[in-house]
Amino acid sequence: MDIPHDPRSTPGLWPEDSVARVPYWVYQDEENYARELHRVFEGTTWNFVCLEADIPNKGDYRTNQVGALPVIVVRDANGGINCFENRCAHRGALIAFDDGGTIENNFKCVYHAWSYDLCGNLRGIAFERGINGVGGMPKDFKRDAFCPRKLRTTTLCGLVFATLSPDTPPIEEYLGAEILGRIRRVLNRPIKVMGRFTQALPNNWKLYVENVKDTYHASLLHLFFGTFRITRLTQGGGVLVSPDGGHHASYTIDKAEDTKTTAYRDQGIRTENKDYKLADPSLLDTVREFGDDIQLQILSVFPGFILQQIHNCLAVRQVVPRGTGEMDLKWTYFGFADDSPEMTRRRLKQQNLVGPAGFVSMEDGCVGGFVQRGIASAGDQVSVIEMGGQTTESQATRATEASVRGFWKAYRHHMGY
Amino acid sequence: MDVSRLVDLNAAYARAIDTEKFEDWPGFFRDSCLYKVTTVDNVARGLEAGLIYADSRAMLQDRISALRQANIYERQRYRHIVGLPTILESRNGTADVETPFLIVRIMRDGKMEVFATGCYRDKVVTEDDGDLRFAERVVVCDGSRFDTLVAIPF
């Protein structure tokens, strides 16, 4: 793509030095994208790589990506979780080329049968001593010096995160107390995976992350949400933003709404539709399961992890960038291991709300593409993100873009902008 | 159960969706039913969740209400190519049937592309009025990666 604006050659490249203005080249520029993969995903960030429930036993593994970096996450003999680059030290082939599985003690690259233990150490080289004393690796070849890059891992409430950087702070410090508390609120006991789907989105990965953090749009774009009082900005709620700006949790409080409120009607907003009723309201048959009044909580961890509680519909989502204009959104729906059959059925029905066909989330699949196409010739223009001011602190309203600005605060920090 | 009646049923089902007569779609199901869109991977792993999950005809009607009145998406339509049904088991007017399908999605800009392929795993029943309806239609998609969004049912 030919972008006239080269971000690195421009002094004061971030317009007005404000997180309330974002230049559109960040969604288009190839060099910027390469820099993101290196500085954001492979930088001092924790990246979601799998659920502990995905790899309960020794030798269980999953493959995933940290940005563009392919990784293997595996449970070792001591119950620990290791993560290393899914790249053979020999010629660079993928070591594992399935979504996951279980192995005995070693991964073996199919290309030349070099093998790796569950920590990612190179353990075996086929014909290392040659055949009948001829060929083979040089006598002074130091096998220990070669292995795929290893990532540090950490677990939190059944989530597994990995980082390539030795400098990433512990996950508790990385998230801050408020966000940590909101993760613990939902993931308070062993979970059970209920299904996986991938949504291929025609937009830059950041447009989706912004959308997740954007509390302002939810009841304006999503009619289903608004009409059924799942969330409306006039309901109680707010948004928490971590001190570094990168992580957020938005929430809605389930309390009786003032029936006289006319805020939406006064704005002439499309989501106000009194006639729209469900023929089968069992879809929204909700039980309070977290001991509080929060009926909806959307939480993000910088750069690309989302934990979602919409009523009893629970999911984690992972953002996987695929170039400047495409990304994959990997959904994992889950419940808890101790769910009753009734609770499982309730979750199965409420899962209609989310995912690629979700009543309240399908629009998020297309709106990023509308931006990506809308800005096609606007690399030197900026978006305006000023709802609720120009700062990034937590706010007791969702008519704000504080957490979107928070994202840009963290992004600029990691990118050195 | 006569295969030709199943072929007719599938043809009418596909035609209703492809000609955007979505209001007719719930009528292909029994009042109490299961309609689910899932993937080969989820089925193989015993994972129950669906992209779409409905256990009543009323829930299917709600899908159509949302499609018509609530959800926002770029104009698009489908072309179903439905293969021949295989009857796995048939007795007392009820049959377990598998039928392969291919869906081409036609977008506003004119692009035609394969959107989904898979297999319908059905339980078809003969109702009191003599019509065939789905007691179950589990749409098992071959792949698990869905482009942009799924607004229209499969």
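The values are calculated or read from the model by the stated rules, or taken from the named source; none is laboratory data. What you see is a predicted model; the values in this text were computed from it and never measured. Note: ideal-geometry Cβ built from the backbone for every residue, glycine included; neighbour counts use all protein chains shown.
The set of residues in segment B:103-148 that are on the phi < 0 side of the Ramachandran plot and in contact with a Pro (Cβ under 7 Å, 6 or more places away or on another chain) comprises B:Cys119, B:Phe146.
Would you tally the residues in segment B:124-154 being more than 20 Å from B:Leu47 (Cα to Cα) and more than 9 Å from chain A (Cβ to nearest Cβ)? So the count comes out to 13. Within segment B:27-34, the presence of at least one residue that is among the charged types (D, E, K, R) and assigned to a strand (DSSP E or B) is confirmed. Checked against the criterion of being modelled with pLDDT under 95 and either over 27 Å from B:Asn42 (Cβ atoms) or not charged (D, E, K, R) (or both), the candidates A:Asn64, A:Asn105, A:Asn121, A:Asn57 yield just one match: A:Asn105.
The residue list A:Ser282, A:Ser300, A:Ser361 contains one member that is assigned by TED's automatic domain parsing to the domain that holds A:Val193, farther than 21 Å from A:Gln235 by Cβ and hydroxyl-bearing (Ser, Thr, Tyr), which is A:Ser282. The number of residues in segment B:37-54 that are surrounded by fewer than 22 Cβ atoms within 10 Å (Cβ to Cβ), more than 7 Å from every other protein chain (Cβ to nearest Cβ) and not in a helix (DSSP H, G or I) comes to 2. Is at least one residue of segment A:186-203 part of a strand (DSSP E or B) and among the polar types (S, T, N, Q)? Looking for residues that are part of a strand (DSSP E or B) and among the polar types (S, T, N, Q), one finds at least one in segment A:186-203, hence yes. In the set (1) basic (Lys, Arg); (2) away from chain B (no Cβ under 13 Å); (3) over 23 Å from the mean Cα position of the chain (by Cα), the condition left unmet by A:Lys409 is number (3). Within segment A:81-96, can one find any residue that is out of contact with any strand residue (DSSP E or B) (no Cβ under 7 Å at 6 or more places or on another chain) and in contact (Cβ under 8 Å) with a residue 24 or more places away in the chain? Taking every residue of segment A:81-96 in turn, at least one turns out to be out of contact with any strand residue (DSSP E or B) (no Cβ under 7 Å at 6 or more places or on another chain) and in contact (Cβ under 8 Å) with a residue 24 or more places away in the chain. State all residues of segment B:66-77 that are within 17 Å of A:Asn352 (Cβ to Cβ) and facing another protein chain (nearest Cβ under 7 Å); if no residue qualifies, say none. Passing the criteria: B:Ala66, B:Gln69, B:Ala70, B:Asn71, B:Ile72, B:Tyr73.
So which of A:Glu386, A:Glu401, A:Glu393 is surrounded by fewer than 23 Cβ atoms within 10 Å (Cβ to Cβ), more than 13 Å from chain B (Cβ to nearest Cβ) and at pLDDT 90 or above?
Step by step, each of A:Glu386, A:Glu401, A:Glu393 is checked, and only A:Glu386 is surrounded by fewer than 23 Cβ atoms within 10 Å (Cβ to Cβ), more than 13 Å from chain B (Cβ to nearest Cβ) and at pLDDT 90 or above.
Need pairs with beta-carbon distance below 6 Å; first residue among the acidic types (Asp, Glu) and within segment B:37-52, second assigned to a strand (DSSP E or B) and at pLDDT 95 or above; sequence gap 6+ or separate chains. Once the first residue is among the acidic types (Asp, Glu) and sits in segment B:37-52, its partners that are assigned to a strand (DSSP E or B) and at pLDDT 95 or above give B:Glu48/A:Met194. The residue that is nearest to the other protein chains (Cβ to nearest Cβ), counting only those in segment A:160-207 that are of a type in the set (Gly, Ala, Ser) and surrounded by fewer than 20 Cβ atoms within 10 Å (Cβ to Cβ), is A:Ala200. Cβ-Cβ distances below 6 Å connect the following pairs, each with a first residue in segment A:172-185 that is of a type in the set (Phe, Trp, Tyr), a second residue that is modelled with pLDDT of 95 or more, and a separation of six or more residues or different chains: A:Tyr174/A:Trp46.
Okay, residues lined up against (1) within 12 Å of the chain's Cα centre (by Cα); (2) surrounded by 15 or more Cβ atoms within 10 Å (Cβ to Cβ):
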| residue | (1), (2) |
| --- | --- |
| B:Leu88 | no, no |
| B:Arg105 | no, yes |
| B:Asp109 | no, no |
| B:Thr126 | no, yes |
| B:Asp129 | no, no |
| B:Val138 | yes, yes |
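Evaluated against (1) in a loop (DSSP other than H, G, I, E, B); (2) modelled with pLDDT under 95; (3) away from chain B (no Cβ under 14 Å), A:Val239 falls short on exactly one condition, (1). For segment A:358-378, the count of residues that are among the basic types (Lys, Arg), in a helix (DSSP H, G or I) and surrounded by fewer than 15 Cβ atoms within 10 Å (Cβ to Cβ) is nonzero.
Just one of (1) charged (D, E, K, R); (2) facing chain B (nearest Cβ under 9 Å); (3) touching a Pro at 6+ places or on another chain (Cβ under 8 Å) fails for A:Asp338. It is (2). Being more than 14 Å from chain A (Cβ to nearest Cβ) and closer than 24 Å to A:Val193 by Cα is a description that applies to B:Arg121.
Restricting attention to segment A:326-346, does a residue exist that is modelled with pLDDT under 95 and closer than 19 Å to B:Tyr53 by Cα? No, segment A:326-346 has no match at all. When restricted to residues that are over 11 Å from A:Phe146 (Cα atoms), of a type in the set (D, E, K, R) and not in a loop (DSSP other than H, G, I, E, B), segment A:86-128 contains 1. Just one of the numbered conditions (1) more than 16 Å from B:Thr148 (Cα to Cα); (2) touching a residue at least 40 places away in the same chain (Cβ under 8 Å); (3) within 14 Å of chain B (Cβ to nearest Cβ) is not true of A:Gln309: (3).
Here's a check for you: in segment B:16-26, which residue that is free of Cβ contacts under 8 Å to residues at least 40 places away in the same chain and away from chain A (no Cβ under 13 Å) is farthest from A:Asp280 (Cα to Cα)?
Taking segment B:16-26 as the starting set, the residues that turn out to be free of Cβ contacts under 8 Å to residues at least 40 places away in the same chain are B:16, B:19, B:21, B:24, B:26.
Still in the list and also away from chain A (no Cβ under 13 Å): B:16, B:19, B:21, B:24.
Values: B:Ala16: 22, B:Thr19: 26, B:Lys21: 21, B:Asp24: 17 Å.
Filtering first and then ranking leaves B:Thr19.
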